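Worksheet: the structure to be examined is printed underneath.
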Amino acid sequence: MRLGVLDVGSNTVHLLVVDAHHGAHPWPAHSEKVVLRLAEQIGPDGALTAFGADELVKAVEGARAAAVGMGADDLIAFATSAVRDATNAAEVLARVRDTTGVRLEVLSGADEARMTFLAVRRWFGWSAGRLLVLDIGGGSLEIAAGIDEDPDVAQSLPLGAGRLTRERLGSAPGDPVAPSAEAVEELREYVDGLLDPVVARLAEVRWDRPVATSKTFRTLARLAGAAPSGAGLWARRRLTRTGLRQVMGFVRHIPPTTLPELEGVSVARAHQLLAGAVVAEAVMRRLGVDAVDICPWALREGVILRRLDHLAPM
């Protein structure tokens, strides 16, 4: 069957259309995204602005039309932290439903962690043993660990690269100056503080293979020398803590306007890269992880796999 998956995230609205059936590898047939940066459209009152809601409706409407045009049998639509955290989420979701006919399911942070963990487990298989999975999004950091397809621990923290860039570094796209050393150090201390309870909870949990997903980790790995996207889906990619520190050493001195000149850094996310690197370094350091394998599957693939499991014949 042909499935459409619509992911309304903090940075982008991403439509992925795949051909898949239970027990088979989901093969991408179409992918398109619109950069909305919804997290930056949250006003002082905590509500998504009228402009942000308007743009979201247009993006969902366009994605639905594209999915229909591609012959999708079903469209699975979900939203993560930007919509989840908005004080007017119910109103926005109702407007999206009434205008476009698309029902957006708002995932909790723990559900994000579980779905991503499922995708990583299916990608690496049972031979990977106990997994630790790290995922840095625009609005949140997800951490999951366990031996089965459903993790023993699934945690979400408000440590997304976009959120921290906006709230802690005060950076925005087009900024001509890199954040100060003081701002970066304050961010590091803030991240460490929020990680404390999760580190304590994971103290008794062991893992055999640490894995990272997300655009942030993929970009950091590329800057540290991992294979480019052109090397294909199956190329093994890793990020070591040593390599990450080296990347941080030069990224923190480069203005956001210049970062896209580096190979693998997108214009849309360049200003968030430093905050993402701070979170990646902190979580790897606090959990004693020397290196992570980069998994090309993440939340969207986890949602697809869960839907296929539910459709499987009994």
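The values are calculated or read from the model by the stated rules, or taken from the named source; none is laboratory data. Note that the structure is predicted; figures quoted are calculated from it, not measured. Positions of Cβ are generated from backbone atoms using ideal geometry, with glycine treated the same way; all protein chains shown enter the neighbour counts. Each accessible area value is taken on the protein alone, full model and side chains, heavy atoms only, with ligands, DNA and RNA left out. Shrake-Rupley method; radii C 1.70, N 1.55, O 1.52, S 1.80 Å.
Some points to look at:
- Checking each residue in the stretch 89-109 for being open to solvent by less than 30 Å² (accessible area, probe 1.4 Å) and out of contact with any Asp or Glu (no Cβ under 6 Å at 6 or more places or on another chain) picks out 89, 92, 94, 96, 102, 104, 107, 109.
- Subset of the stretch 126-137 [within 17 Å of residue 216 (Cα to Cα) and open to solvent by 10 Å² or more (accessible area, probe 1.4 Å)]: 135, 137
- Residue within the stretch 227-237 that is surrounded by 17 or more Cβ atoms within 10 Å (Cβ to Cβ) and modelled with pLDDT of 95 or more present: yes
- Count of residues meeting criterion [aromatic (Phe, Trp, Tyr) and in a helix (DSSP H, G or I)] in the stretch 21-57: 1
- Pairs where the first residue, in the stretch 246-260, is polar (S, T, N, Q) and the second is open to solvent by 60 Å² or more (accessible area, probe 1.4 Å), C-beta under 6 Å, 6+ apart: 257/176
- Looking only at residues of the stretch 10-28 that are closer than 16 Å to residue 66 by Cβ and under 21 Å from the mean Cα position of the chain (by Cα), we find that the one that is surrounded by the most Cβ atoms within 10 Å (Cβ to Cβ) is 15.
- Residue tally, condition in contact with a Leu (Cβ under 9 Å, 6 or more places away or on another chain), open to solvent by 20 Å² or more (accessible area, probe 1.4 Å) and among the hydrophobic types (A, V, I, L, M, F, W, C), over the stretch 146-182: 4
- The number of residues in the stretch 148-175 that are among the hydroxyl-bearing types (Ser, Thr, Tyr) and within 15 Å of residue 110 (Cβ to Cβ) comes to 1.
- Number of residues in the stretch 241-274 that are among the charged types (D, E, K, R), under 19 Å from residue 185 (Cβ atoms) and surrounded by 15 or more Cβ atoms within 10 Å (Cβ to Cβ) equals 2.
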